[in-house]
Amino acid sequence: MRITDTSDLWWRTAVIYCLDVETFLDWGGDGTGDFAGLAQRIDYLAEVGVTCLWLMPFYPTPDRDDGYDIVDFYGVDPRLGTLGDFVEVMRTARDRGMRVIVDLVVNHTSDRHPWFRSARSSPNSRYRDWYVWRDEPGEDMELVFPDKEESVWTYDERARQYYLHRFYRHQPDLNVENPDVRDEIAKIVGFWLELGVSGFRVDAVPFLIEAESAAQDVPDRHEHLRDLRAFLGRRSGEAILLGEVNLERDEQVRFFGGDAGDEMHMLFDFIAMQRLYLSLARQDAAPIAEAILDRPPIARASQWATFVRNHDELTLDKLSDEERQEVFEAFGPDPEMQVFGRGLRRRLPTMLDGDPRRIRMVYSLLFSLPGTPVLFYGEEIGMGENLEAEGRYAVRTPMQWTASRNGGFSDAAPSKLPGPVVEGGFGPEHVNVESQRRDPASLLSFMTLLVQRYRECPELGWGDFELLDQPNPAVLAHRVRWDDAAIVALHNLAPEPCTVPLTLGPCEAGTDLVDLLCDGVSPIDERGHAEVTLEGFGFRWLRPVSPTSRRLR
Ligand code: NOJ
C-alpha cells in the first residue's frame, strides 16, 4: 500500500463525527443551535482528530422527524442559518483539514413539500407521479415506527387515493421509478457537491429502491444506486455514499455493489454494533468476533463504518428475541429505556453505569476493529441521555460544553432549547468539554489519543481481521494486518484480570510487542509466543516491532 492510498481512498481511515447543527452550539442566543455555532467549534473537532463531519439534516423542515422531513432540498432551515453560513462552515472545515458529508434523505419528502402539495391537489399535477398512489391500500409492509403508524398506506382526502410512506404518514415516499424523480435526486447531489461536500450519508437506502410488491415485474432496482454512484463519481472524484442499510450480510453485499463495488462506498455495520452489545452483556467475545468474521469480502474502495451509537434507537432488531432480551436486561431493563420493541434509547456510558474502564474498553474496541469509526456527538466526553425527552430524542440532547446553564450550549431560557439538557450524574455539571479538555485523565483525552493512534495505523482501515487463538472466552484477541504493518489488540470484556497466552507465528529475533496506548513493551520469542496481562475490562494495542522495522514504536 502506498501512503497516498490513505488520502485517495480517504474514507477507509477517516474518523467520522455525526452532529445535528440544531443541538451542537447556539451562537445566536435564540435557543437553537446554528451554523455560526458549529463554525466556532470546528477547531475543537479538529483537535479531537475528527477528519470528516456528518451533518444530520439541516434543510428547511416542519421538523416533525428532527429534520428528516424536508420541504426544500436546496436550502438551509432558517432556524439554523443561511446557505451563506453553511458555506462558511465548509470553508472553515476545509481549512482545518476536515471533510463534510451531509444527509441525503430522498426516500421521502415532508407532506408539506411543494411537490407533495401539488401532487395531492390534482391527478394532473406534474408531481402526481413523483409519489406512490393507489386506489386501494397496497401491500402491507413492515412498519418502521410501529408506535405511531398502523399502515404504510394513508388515504389522502384531497387526492382521493392512498399514498405510500415507509416512515411517518407525514413523510410520503418518492417514486424513484419516475425518471424525473431520479433526475431531481441527481440534481440535489450535484448541488451540494458544488458547495464542497465530500459525499452523503444516504438515508433509508433499502426503502429508497424497494419494489412496492415483490410480485411486481420490476427491473433491477440496484441500477438506481449504480447510476447515482456513477453520477457522483463524474461530479467528484473524492465523494462517497455512506449507506444506512440495516440488513443481513448477504443483502449488504448487494448494496456495496458486490465484486464491482459500484453502489455504496460504505455501509454502517449494524450487525457488528448489535453483536457488540450482546458480547458486552454476556462478557463473552464470541458474538462480536463472529460478526466481524462473518463480514463478506468487499471491494478495495468499499469500507465498513463501525459505531456504537447513532442518533436513532440503538436497534437490536438483528438479534434473536432471546438475545435482544439479554441486552435489554443488561442495559435497559425499564420499559421507558426501550423503544419500538426493538431498541434502546440510552447512550453507552449510562448503560455501563459510568464505569470508566468499561467505557474506554468499548471505544478502544471500536477503534481497533477493521473499519472506519463513526462517533455521535458527545460520545467523546461520555454524555448520557435524558429519558424525559420523547422517544429517540433522549439521545439527541444539547451538546455539553461547560458546567454552566444549558451546558454552555445556549444563553437562551431552557424552555427555548430544542430539547432538555441531560440531568443528574451525566449532566453538564459533571460531563462537559471544558473540564475534560484540561484533564489528561479524562475520557476526552483518551478518545483523542485513540483517534490519533487509529490514524497512525492505517492497517486498521485497510487490513484484514484475524481472530487469535487464546483460552479466555471473555477476551477478544485479534490482529489486523496490512502490508508489513500489524496491530494485535486485546480486550477483556470481564472484570477479572487475566493473562493471555498468544501465538503470533515466527518473527525476527528481538521483536517486541510495543504498547501503542501507553508505555510498555512485552517480549515475544522467535516462535511468536507471548504472554500478555490484562486488567479487568483492560485492553491493549500492541504492535510487533522487529529490530529492523522503521515503524514508530
Ligand atoms: C432514518 C433516520 O436515521 C431516522 O432518524 C429517520 O427517522 C428515518 N430514516 C426517516 O427519515
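Apolar share of the accessible surface for the chain: 47 percent from carbon plus sulfur atoms, 1.4 Å probe. Summing Lys and Arg as +1 and Asp and Glu as -1 over all other residues whose Cβ lies under 11 Å from the Cβ of VAL480 gives a net charge of 0. Once backbone amide H atoms are built at 1.01 Å from N, HIS529 has LEU504 as its partners under 5 Å, excluding neighbours fewer than 5 places away on the same chain.
The string of couplings for region 50-66 from the Karplus curve (6.51, -1.76, 1.60, θ = phi - 60°) is 4, 10, 8, 8, 10, 8, 5, x, 10, 7, x, 7, x, 6, 9, 9, 6 Hz, one whole number per residue in order, with x for Gly and Pro. Near the amide H of VAL50, within less than 5 Å, lie no amide hydrogens of residues on another chain or at least 5 residues away, with H placed in the peptide plane. Restricting attention to the chain, close to 60% of DSSP beta bridges with both partner residues there are antiparallel. Under 30 Å Cα to Cα from LYS416, which lysines show up? Leave out anything in the same chain fewer than 8 places away. By straight Cα distance, LYS416 reaches LYS148.
If you sort the three axes of the alpha carbon gyration tensor as a ≥ b ≥ c, you get a/c of 1.5 or more for region 306-412 and a/b no higher than b/c, which makes it oblate.
Please list, in order, the residues from region 351-369 whose amide nitrogen is less than 11 Å from a point placed 7 Å along the Cα→Cβ vector of GLU535. What the label zone holds, given the 11 Å backbone N cut-off, is 356-358, 360-361.
How much accessible area per residue does the chain have, counting only protein heavy atoms and a probe of 1.4 Å, in square angstrom?
Value for the chain: 39 Å² per residue.
If you bin all the Cα-Cα distances of region 417-519 at 5 Å, starting from zero, the percentages per bin are 2, 9, 14, 16, 16, 14, 10, 8, 5, 3, 1, 0, 0. Would you please state which residues of region 9-34 a label at GLN452 would reach in this model, taking the label point 7 Å out along Cα→Cβ and a backbone N cut-off of under 17 Å? What the label zone holds, given the 17 Å backbone N cut-off, is 15. With a Förster radius of 30 Å applied to the beta-carbon distance between GLU429 and GLN283, the computed FRET efficiency rounds to 0.40. Modelled spin labels at ALA301 and GLU139, positioned 7 Å past Cα toward Cβ, are 3.2 nm from each other. Placing unit charges on the Cβ atoms of the charged side chains and taking the dipole of region 89-244 about its Cα centre, the candidate lying farthest along the positive direction among VAL202, TYR163, ILE240 is ILE240. For the chain, the convex hull spanned by the alpha carbon atoms encloses 148 Å³ per residue.
Inter-label distance, ASP484 to ASP439: 4.3 nm, where each label sits 7 Å from its Cα along the C-beta direction. Using the Cβ-Cβ distance between GLN40 and SER121 with R0 set to 60 Å, the FRET efficiency works out to roughly 0.90.
Evaluated at q = 0.12, 0.13, 0.21 Å⁻¹, the base-10 log of the normalised Debye intensity for region 218-299, with identical point scatterers placed on the Cα atoms, takes the values -0.42, -0.48, -0.93. Shown are GLU379, GLU390, GLU244, whose ranking by accessible area with a 1.4 Å probe and every protein chain present, most to least, is GLU390, GLU244, GLU379. Divide by every residue of the chain the summed helix terms, -39500 (n - 2.57) for each DSSP H run of at least 4, and state the resulting mean residue ellipticity at 222 nm, rounded to the nearest 500 deg cm²/dmol. Dividing the helical sum by the residues of the chain leaves -8000 deg cm²/dmol.
Taken over region 491-553, the convex hull of the Cα atoms encloses 73 Å³ per residue.
According to a simple spin-label model (label point 7 Å from Cα along Cα-to-Cβ), what is the distance in nm between ARG2 and ALA211? Placing both labels 7 Å beyond Cα along the Cβ direction yields 4.4 nm.
The values are calculated or read from the model by the stated rules, or taken from the named source; none is laboratory data. Just so you know, these numbers come straight off a predicted model, no measurement behind them. Note: ideal-geometry Cβ built from the backbone for every residue, glycine included; neighbour counts use all protein chains shown. Note: accessible area is taken over every heavy atom of the protein model, side chains too, but ligands, DNA and RNA are not part of it. Shrake-Rupley method; radii C 1.70, N 1.55, O 1.52, S 1.80 Å.
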